[in-house]
1. Under the classification rounded if a/c is under 1.5, otherwise prolate if a/b is larger than b/c and oblate if not, where does the range 8-281 fall, given a ≥ b ≥ c as square roots of the Cα gyration tensor eigenvalues?
2. For semi-axes √(5λ) of the Cα gyration tensor in Å, several values are listed as (i) 44, 37, 23; (ii) 63, 28, 21; (iii) 42, 33, 30; flag the one computed from this structure.
3. Using a ≥ b ≥ c from the Cα gyration tensor of the range 552-619 (square roots of the eigenvalues), is it rounded, prolate or oblate, where a/c under 1.5 gives rounded and otherwise the larger of a/b and b/c decides, a/b for prolate?
4. Relative to the present Cα-Cα distance, how much length would full extension add between residue 528 and residue 84 at 0.36 nm per residue of separation?
5. I'd like the antiparallel share, as a percent to the nearest 5, of DSSP beta bridges with both residues in the chain.
6. Which ordering of 426, 71 is given by a fewest-first count of other beta-carbon atoms within 10 Å?
7. If each residue of separation counts as 0.36 nm, what is the full-extension length gain between residue 637 and residue 436 once their alpha-carbon separation is subtracted?
8. As an exercise, use a Förster radius of 25 Å and the Cβ-Cβ distance of residue 343 and residue 651 to find the FRET efficiency, rounded to the nearest 0.05.
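Values in this text are rule-based calculations from the coordinates and carry no lab data. Remember, it's a predicted structure, so these values are computed and weren't measured experimentally. Neighbour counts are summed over all protein chains in view; Cβ atoms, including those assigned to glycine, are modelled from backbone coordinates with ideal geometry.
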């Protein structure tokens, strides 16, 4: 198994190549990240053997592989049978060669002549020798060996003890599996018949029609017309947590067929679903169980609630990258019988918040997954959350969405974010900057994207646009465009950018409303203009929220994300309106203020909070907006009752947050090692950044005006009510 946890794809030497090193040079030039050396000298003289490569050539191979991040393996000659003492010298030559070039794996064939027990005993000295130099041994299936042979072999190896078998696994040869008598033309059956304890650490892949070992290039045989078999094989390998090298065992003409096979196989790997979080995970010859589970209401599986904070913490430690963390969450929300309740969703919203704000760090996992993989995971999470959203949990679910990556069409393509690749190859920037962009952004994003990449990009943009920075304007402009695209992927776009994206796809009426809002937002300066902008915002939210019910996938996510951004901007508008009302010297503009309050309540309803109560309050406030007479003492008393009711709405939200979050934030935050101050201010920040905070401030201003108005009437029963929420 690969040390870095990454599925790599490579090619192999071939006796038919013009020179011994031609296939290796091709791998270097074309960006393959694995390569296998197969000494296959024939009696005719074709091919090569270890002695054909002297010490200098071996150093060159080792240095070149390290420089280009190519994982090397050595395939022992087919006749290297560990059961034959006279052939051990061949294997020792291969071990020496593997060590000299820095290979991490030696591959041999399985021989069943003397039974599995004899074969198992014969390879133990070999395994121990390889373990001393940190090289694994893979045992390959031939057309004459079946899954039952490997089940028996690894059963025998387990009996010999873990110290002897930790460095040995199976090389699954799909072409040979397709020729096996027991699984002829059904290599998937071969995989399915392998016991879970058989660790697959290496793969050879080529095609045939079940007739003979023709080693056709991948997708040049049956898979060229129907790739479902290859897709099924990759899915099964992922279920076994395979993370080794896949070697394309051919040297086709033209060699470009290798590139086509590699690219198509990589796309299948990226699209293939990850194994469920509840499954046992193979770690070499051992199995690591998923977190503790209990039966849900429908007989499904869920982490025990008492352990859920620790379950998240454990999963976080086991999953270093953003993709892995997202995939684990996706496994939870997408399980068919999983009964996620409010408390699970609260914990997940806290966890994603900590990741998104950098309190929980992400790092590379050694894999090679383009951002399209993250986008598809986000799409799955979004669709599954939408299925379990209820009026009771919607205010929690909406706290999850902003922390997911975008699953827009631009990011679910096979190779998204390619602009940075073009930037890294520009001729108008210094070589050092090219290398920095290539290694810290291009390669990192295409290998293991995470929120940390947005920070890297922002820092670089700040540097290249700083005063005195003398960079090509064309380069700077291209980098700006890339940074905006990256912000879109991480769902960090501005409201304007988000809405402009919707304009490109929206219908005429929708576009008109968006344009009207954006123009009003740009021009707003007075209280009247701020109020008009809030009206347009509220109308736009109502229109956008109708569409996700009719849509799914990327479009639904885009619309819902835009709605959440509009909700956040309504907070800003309300702050401006409150300031407008506070500085007025001619008294409270009752109609405007009541309209502002009604729009605030409507926005709370659009966010799914206490819908029935909000509708009732909207009706009352609409009445007061048109009919209120501040000189009428009875109306003052009745309006105060409506305002008190608005305050209770705000208090309901605060009570919910304070009842649900503090204990769980503290428990999960400490389990994840989050800073104590972040834990302490979590709930306060949530409340003070929510619409209910502005609602309480508007109500506070109106109550103050009512008291002033009531004092003129010497009104009774209009004394201020102390409410902790009111600042």
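1. Numbers: a/c = 1.38, a/b = 1.03, b/c = 1.35.
Taking the square roots of the gyration eigenvalues as a ≥ b ≥ c, the range 8-281 is rounded.
2. Computing semi-axes √(5λ) of the Cα gyration tensor in Å and matching it to (i) 44, 37, 23; (ii) 63, 28, 21; (iii) 42, 33, 30 gives (ii).
3. Details: a/c = 4.47, a/b = 1.77, b/c = 2.53.
Since a/c reaches 1.5 but b/c is at least a/b, the shape of the range 552-619 is classed as oblate.
4. Values: separation 444, 0.36 × 444 = 159.84 nm, distance 9.30 nm.
Length difference between fully extended and current span is 150.5 nm.
5. Details: 7 of 38 bridges.
So the antiparallel bridges in the chain amount to around 20 percent.
6. On the way: 426 15, 71 22.
In order of increasing Cβ crowding within 10 Å: 426, 71.
7. On the way: separation 201, 0.36 × 201 = 72.36 nm, distance 6.77 nm.
Fully extending the segment from residue 637 to residue 436 adds 65.6 nm.
8. Details: r = 22 Å, r/R0 = 0.88.
Calculated value: 0.70.
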